[in-house]
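The values are calculated or read from the model by the stated rules, or taken from the named source; none is laboratory data. All figures in this text were calculated on a predicted structure; none of them were measured in a lab. Neighbour counts run over all protein chains shown; Cβ positions are idealised from the backbone, glycine included. Surface areas here come from the heavy atoms of the whole protein model, side chains and all, with no ligands, DNA or RNA. Shrake-Rupley method; radii C 1.70, N 1.55, O 1.52, S 1.80 Å.
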Amino acid sequence: MPGKICVVGSINMDLVVRAPRFPRPGATVLGGVFETYPGGKGANQAVAASRMGAQVTLVGCLGGDDEGSRMRGVLAADGLDIHHVRTCPEARTGVAVITVVPGGENTIVVAPGANAALSPADVDAAAGAIQAANMLLLQGEITSEANQSAIEVARRAEVPVLLNAGPAENVSPDLLAGVGLLVVNRGEAATLLGLTEEVPATGLARRLAGLGPESVVVTLGEEGALYFDGTDLVTMEAFPVDPVDATGAGDAFVGALAVLRVEGARVRDALRAACAAGALATRIVGANPSLPPREQVEKLLAGSRS
Ligand code: ADP
């Protein structure tokens, strides 16, 4: 039986331009190819989990525009249950403006649009999908009120919650106590902790665990990831790749981690599969096109020693 995952989160259209370098404030840079891709952390993680073999329900909001119709088609074609994706006729579909430079680094500005309209009432309407899931996945691209409602529904039904707290400025620290697994990158960790100084990754994980989640994963880009649950510390090296676009690496990582944990894999094995998925996602431009199918992840795992 495939694991069941419910994602309550954002759906965006990604507007991606490749550029030779990032512009300085006030400057203009001539870019290269422009593409649009389905995106949004919620939708990306839902697709990532689905491609890893889970049955996935996505709860979210789209605008009443052409992008909304296009996204609906794309998400359904990827096998997601989108019965709880509402169209807000008065809103525009969320948009992410993404610049990617050689080497794969990016900057992202998100206009939330319809994602901001995802309300606690929408979450309550989808309570059955959350209760039926083996894990609930949340991110920081919807309101903390909607996330809080989803955590409440999951808590009452004893469904474990994974919160990927990005962007961290949009995540209320109050949410963290209701979370089973908190996943953040280095920058998000620093924001949640209010740090201005550099702290080693193990220190970040230990301090984050003090904010209330049962366990913490800090993702470290090309340095891999680490897990801490208050007792055990597990570190995992990254898989070596030549990255072309880091967009979606974190989402691929979260999707794979969630699916492996739901299937009962040990933390170390789940972390390793998640690092493989994250590495694979850096090799293709765009988030959605780069989220790897399970066979690719397993092939990479089989080709390297654990
Ligand atoms: P985010 O995309 O959320 O900023 P990271 O950059 O930490 O998160 O990437 C998530 C995971 O993807 C990392 O933990 C790592 O396993 C993998 N990954 C990301 N960038 C690279 C890279 N350059 N080489 C190998 N693996 C990578």
Nearest 500 deg cm²/dmol is fine: what mean residue ellipticity at 222 nm does the chain get from its DSSP H runs of n ≥ 4 alone, each adding -39,500 (n - 2.57), divided by its residue count?
-10000 deg cm²/dmol
Find the eigenvalues of the gyration tensor of the Cα atoms of the range 187-233, then list the square roots of 5 times those eigenvalues as equivalent ellipsoid semi-axes, largest first, in whole angstrom.
15, 14, 8
For residue 2, the net charge from surrounding residues (Cβ-Cβ under 13 Å; K, R +1; D, E -1) works out to +1
Over what distance in Å are the Cα centres of the range 141-163 and the range 211-289 separated?
21
About its Cα centre, what dipole magnitude does the chain give when the only charges are +1 on Lys and Arg Cβ and -1 on Asp and Glu Cβ, stated in debye to the nearest 20?
440
Note the per residue figure in Å³ for the convex hull of the C-alpha positions in the chain.
129
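Kirkwood Rh, Cα Rg: Rg to Rh for the range 144-287? The partial results should precede the final answer.
Details: Rg = 14.6 Å, Rh = 15.3 Å.
We get a ratio of 0.95 for the range 144-287.
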Where the centre of each part is set by its Cα atoms, how far does the range 75-119 sit from the range 1-40, in angstrom?
9
In whole Hz, with x marking every Gly and Pro, tabulate ³J(HN,Hα) for the range 83-98 from phi via Karplus 6.51 cos²θ - 1.76 cosθ + 1.60, θ = phi - 60°.
4, 9, 8, 8, 9, 9, x, 7, 9, 8, 4, x, 10, 10, 9, 10
Extension gain from residue 231 to residue 111, taking 0.36 nm per residue of separation minus the Cα-Cα distance
39.3 nm
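When the Cα atoms of the range 56-132 are enclosed in a convex hull and the volume is divided per residue, what value in Å³ results?
122
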Tell me which GluC sites (Glu not before Pro) from the range 245-306 have a DSSP coil assignment and no more than 13 other beta carbons within 10 Å of their own.
none
Over all pairs of distinct alpha carbons, what does the Kirkwood formula give as the hydrodynamic radius of the range 6-163, in Å?
16.2
Tally Lys/Arg at +1 and Asp/Glu at -1 over every other residue whose Cβ is under 12 Å from the Cβ of residue 123; what's the total?
-3
Once neighbouring chains are kept in place and the probe is 1.4 Å, which whole percent of the accessible area of the chain is contributed by carbon and sulfur?
52
Could you please report the charge total around residue 221, scoring K, R as +1 and D, E as -1 over all other residues with beta-carbon less than 11 angstrom from its beta-carbon?
-2
In sequence order, what are the phi-derived ³J(HN,Hα) couplings for the range 4-12 according to the Karplus relation 6.51 cos²θ - 1.76 cosθ + 1.60 with θ = phi - 60°, rounded to whole Hz, with x for glycine and proline?
10, 10, 10, 10, 10, x, 7, 10, 10
Using protein chains only and a probe of 1.4 angstrom, how many square angstrom of residue 283 are accessible, to the nearest 10?
130
What are the extents of the Cα atoms of the range 257-300 along their three principal axes, listed from largest to smallest and rounded to whole Å?
31, 17, 15
